[in-house]
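First comes the structure, then the notes that go with it.
Throughout, read-outs are computed from the coordinates displayed, never taken from laboratory work. This is a predicted model, so every value here is computed, not measured. Every residue, glycine as well, gets a Cβ built from its backbone with ideal geometry; the counts of neighbours run over all protein chains shown.
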Amino acid sequence: MEQFESNNQPVIELKGVSIYHGESPRVNEDNDLVLSNVNLTVEDGEFVYLIGRVGSGKSSMLKALYAEVDIHEGEAHVVGFDLRKIKRKQIPLLRRSMGIVFQDFQLLVDRNVFLNLYDVMRATGWRREEDIRRRIDEVLTMVGLEHKCYKMPFELSGGEQQRLTIARALLNHPRLILADEPTGNLDPLTAEGIMEIFHNIAKSGCAVVMSTHNIALIDQFPSRTILFAQGHISEVDVKSLTASAK
């Protein structure tokens, strides 16, 4: 596994952050509040789970981190970008500094594994064919798909498709990976293999923030865990969490 470059600044630094439904909060409309007064710091190489009930704000937080939804109050810095001041034209640069992994893969179904990665690299500024091919070889090896380069997505298992989405997220040497329920559609054994990849990525210096409902996986791969509940977040002890779930 390659080593990712670190930085003196935290990968994520949130201070007093609040997120509301819609473009802006309405005065005294508590029903619009998604998250309130969130404080969170994530350093290079950290692995952080986000847990909580459906609708507790986990996905909204992830979307806020890649500037899909607005942060309405507080201070928010992610991979060197100030999310309260970021301009629309800067958002692609923000997203190139991180990798995003979705539960539903979002692959180009009419293109093979190689082209799914090649097209992303061309779109994000890579020009030299030699560099592109070398990087594709590197990321496919990192996720164990080095022998699947010319397979079509429909020829891959669900676990292999998720490995491909992880490879895609790694292309631009990100400091941060955001993963939204990446094992939600996978069987337990396949999910275990995916988790091993994510934890190896974190060990190499790239921070990983993952939302999940799978307490068994947290028990098997323990790490820092943040609970979302009633519009707030709190850090929870993994051992007590898994014990209460049994």
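Give the residue list of chymotrypsin sites (Phe, Trp or Tyr not before Pro) in region 98-157 that are DSSP loop and have at most 10 other beta-carbon atoms within 10 angstrom. It would help to have the intermediate numbers written out before the result.
Numbers: sites: PHE102, PHE105, PHE114, TYR118, TRP126, TYR150, PHE154; in loops: PHE102, PHE105, TRP126, TYR150.
Loop-located and lightly packed - TYR150.
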Principal axis lengths of the chain from Cα atoms, whole Å, largest first?
55, 47, 35
Cut-off 19 Å (backbone N to label point 7 Å along Cα→Cβ of GLU13), residues of region 162-204
175-177
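If you place +1 on the Cβ of every Lys and Arg and -1 on the Cβ of every Asp and Glu, how big does the dipole about the Cα centre of region 109-172 come out, in debye to the nearest 20?
Working: 11 positive and 10 negative charges, 27 e Å.
I would put it at about 140 debye.
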Shape call for region 161-205, from the Cα gyration tensor axes a ≥ b ≥ c (a/c under 1.5 means rounded, otherwise prolate when a/b beats b/c, else oblate), comes out prolate
Express as a percent, rounded to the nearest 5, the fraction of DSSP beta bridges in the chain (both residues included) that run antiparallel.
50 percent
Listed peptides 71-78, 36-43 by packing density, highest first (mean Cβ within 10 Å):
71-78, 36-43
Going toward the positive end of the dipole of the chain, with +1 on Lys and Arg Cβ and -1 on Asp and Glu Cβ, which of GLY184, PHE198, GLY74 do you reach last?
GLY74
Taking the Cα centre of the chain as origin, work out the dipole magnitude from +1 charges on Lys and Arg Cβ and -1 charges on Asp and Glu Cβ, in debye rounded to 20.
540 debye
